[in-house]
Amino acid sequence: MCTYARTDTKKLRICIRYSGIGALEDLLISRYQMHAQIYGHKTNRACNAMLERIRERLSEVRWSWYRDCASIEHLLKTFAALDDRAFVNNCLILR
């Protein structure tokens, strides 16, 4: 396999020898299967559904530290940034 860039169009090209096509096919198929097994796994899908429901519920009750979180990723970053004292204080304030 080799790569080259065309100077006139500035596009990157990948070249594969005929003898390497089988190895490339194996690589692509294994990456596809790995992705399906990891991200499509029932436990991962269940956890994502639970996190989404938590996000929706926090949004419904209008928790102040959650207000600006629009996605699960942002929620997790916000939650991970809280230390124990800040989390307990936020819970006590909202009681």
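Summary table below
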quantity	calculated
Residues of segment 7-49 classified as within 23 Å of Phe79 (Cβ to Cβ) and loosely packed, with under 10 Cβ neighbours inside 10 Å, total	2
Cβ pairs under 8 Å, 6+ apart, first in segment 14-41 and over 20 Å from Cys2 (Cα atoms), second surrounded by 10 or more Cβ atoms within 10 Å (Cβ to Cβ)	Ile38/Asn44
Qualifying residue in segment 58-73 (condition: modelled with pLDDT under 85, under 15 Å from the mean Cα position of the chain (by Cα), under 30 Å from Val88 (Cα atoms) and surrounded by 11 or more Cβ atoms within 10 Å (Cβ to Cβ))	yes
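Here is a yes/no grid of residues against (1) assigned to a helix (DSSP H, G or I); (2) touching a Pro at 6+ places or on another chain (Cβ under 7 Å); (3) β-branched (Val, Ile, Thr); (4) more than 30 Å from Cys69 (Cα to Cα):
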{"site": "Asp8", "(1), (2), (3), (4)": "no, no, no, yes"}
{"site": "Arg13", "(1), (2), (3), (4)": "no, no, no, yes"}
{"site": "Ala36", "(1), (2), (3), (4)": "yes, no, no, no"}
{"site": "Ile54", "(1), (2), (3), (4)": "yes, no, yes, no"}
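The values are calculated or read from the model by the stated rules, or taken from the named source; none is laboratory data. Everything quoted here is computed from the prediction, not taken from an experiment. Cβ: placed from backbone, ideal geometry, glycine included. Neighbour counts: every protein chain shown.
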